[in-house]
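A quick write-up on the structure given underneath.
The values are calculated or read from the model by the stated rules, or taken from the named source; none is laboratory data. Treat the numbers as computed from the prediction; the structure is a model and nothing was measured. Cβ placement follows ideal geometry from the backbone for every residue including glycine, while neighbour counts extend to all protein chains displayed. Heavy atoms of the whole protein, side chains included, go into the accessibility calculation; ligands, DNA and RNA do not. Shrake-Rupley method; radii C 1.70, N 1.55, O 1.52, S 1.80 Å.
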Amino acid sequence: RFPEACVMLITNGRAFYDGDYAFSFKNLARHNFRVEIPLHSDIPATHDYIAGMDGSFEQTVAGLHNLCESGVKIAIRVVISKLNMDSLKEIAELIYEEFPQISYINFMGMEVMGNAYKNKEEVWTEFDKIKVSLQDAVRYCIHVGINPQLYNFPLCMFQEKYWSFYRKSITPSKIRYMDVCERCSVKNFCGGFFNSTIANTSFLPKPYEWGENHA
């Protein structure tokens, strides 16, 4: 009914381990259809632990290869947690080496709800602790020609030179700002915090004022 609609399928990708299924899927994935698949770690055991399923890494990687060979548009999501925060560049390296056809990596902040809330002592980490590793991964992506995108973070977490990769991505009804954010001159461009996350973070926003040096 809507042939020009852009469709994004978010999936763990494991079903595409079946090559016949992956190639038959291509017939449904038109030019405006994209599949986004999470890769939690470059270490199989860590990916499997986060995914909650033994063998998940092997199936997901095989599925990604099958989709790449079939020509389906793909982006990879990396949801950052305490369990993978120190290996973000390594994850990007794996993606570049294994899947050179993939042009997007979406690095995503965690929403502290559901299983993430139940296990927050194990998975939640502060934005300040993610910053260095994440910016290293972004620089690597730029160097090898992958387009990194930054989702679900406060804008002031990043230096200005990374703002072009920033996306105001949180659903408007879920966005919350701190009181100090009211005096920030770029608040309208900032995605703020998840409603479920703001109660769990001790991150202190740094309001931006035009003319400041944030290089």
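Side notes on the structure shown:
- The helix-based estimate of mean residue ellipticity at 222 nm for the chain, built from -39,500 (n - 2.57) per DSSP H run of four or more residues and divided by its residue count, is -9500 deg cm²/dmol to the nearest 500.
- Positive minus negative residues near N32 (Lys, Arg vs Asp, Glu; Cβ under 13 Å): +2
- For segment 46-123: rounded, prolate or oblate by the Cα gyration tensor [a/c cutoff 1.5]: prolate
- What the phi angles of segment 174-183 give under the Karplus curve with 6.51, -1.76 and 1.60, with θ = phi - 60°, is a coupling list of 9, 6, 9, 10, 8, 4, 5, 5, 5, 9 Hz, glycine and proline written as x.
- Derived scalar couplings between HN and Hα for segment 72-84 equal 6, 6, 9, 10, 10, 9, 10, 7, 8, 9, 4, 7, 10 Hz in order, rounded to whole Hz, by the Karplus curve 6.51 cos²θ - 1.76 cosθ + 1.60 (θ = phi - 60°), x for Gly and Pro.
- Rg/Rg_globular for segment 1-94, with Rg_globular taken as 2.2 N^0.38 Å and Rg from C-alpha atoms: 1.13
- Heavy-atom surface of the chain, accessible at 1.4 Å and reported per residue (Å²): 54 Å²
- Stretch gain in nm, segment Q159-R34, where the contour uses 0.36 nm per residue and the Cα spacing is subtracted: 42.0 nm
- Largest mean-square fluctuation among D48, D128, D20, in a Gaussian network model of the chain whose springs join Cα atoms under 10 Å apart, belongs to D20.
- The mean sequence separation of alpha-carbon pairs under 8 Å and at least six residues apart, normalised by the residue count of segment 93-200, gives a relative contact order of 30 percent.
- Percentage relative contact order, segment 8-55, counting C-alpha pairs under 8 Å, at least six apart: 38 percent
- Residues whose amide H lies under 5 Å from that of Y104, counting only those 5 or more places away or on a different chain, are I76, N147; hydrogens are built 1.01 Å from N in the peptide plane.
- Over the chain, equivalent-ellipsoid semi-axes from the Cα gyration tensor in Å: 31, 19, 17
- Dividing the mean sequence gap of close Cα pairs (under 8 Å, 6+ apart) by how many residues the chain holds gives a relative contact order of 16 percent.
- Student exercise, the chain dipole from Lys, Arg, Asp, Glu Cβ charges, in Debye to nearest 20: 860 debye
- 14 Å beta-carbon shell around M113, net charge (K/R +1, D/E -1): +3
- Carbon plus sulfur fraction of accessible area for the chain, probe 1.4 Å, in percent: 52 percent
- Rounded to the nearest Hz, the phi-derived 3J(HN,Hα) couplings of segment 5-15 under the Karplus curve 6.51 cos²θ - 1.76 cosθ + 1.60 (θ = phi - 60°) are 5, 8, 10, 10, 9, 9, 8, 6, x, 5, 5, where x marks glycine and proline.
- Summed residue charge, Cβ within 13 Å of S56's Cβ, Lys/Arg positive, Asp/Glu negative: -2
- Within segment 132-169, trypsin sites (Lys or Arg not before Pro) in DSSP loop having at most 16 other beta-carbon neighbours inside 10 Å: K168
- Close amide H partners of Y166, meaning residues 5 or more places away or on another chain with modelled amide H under 5 Å apart, are L150.
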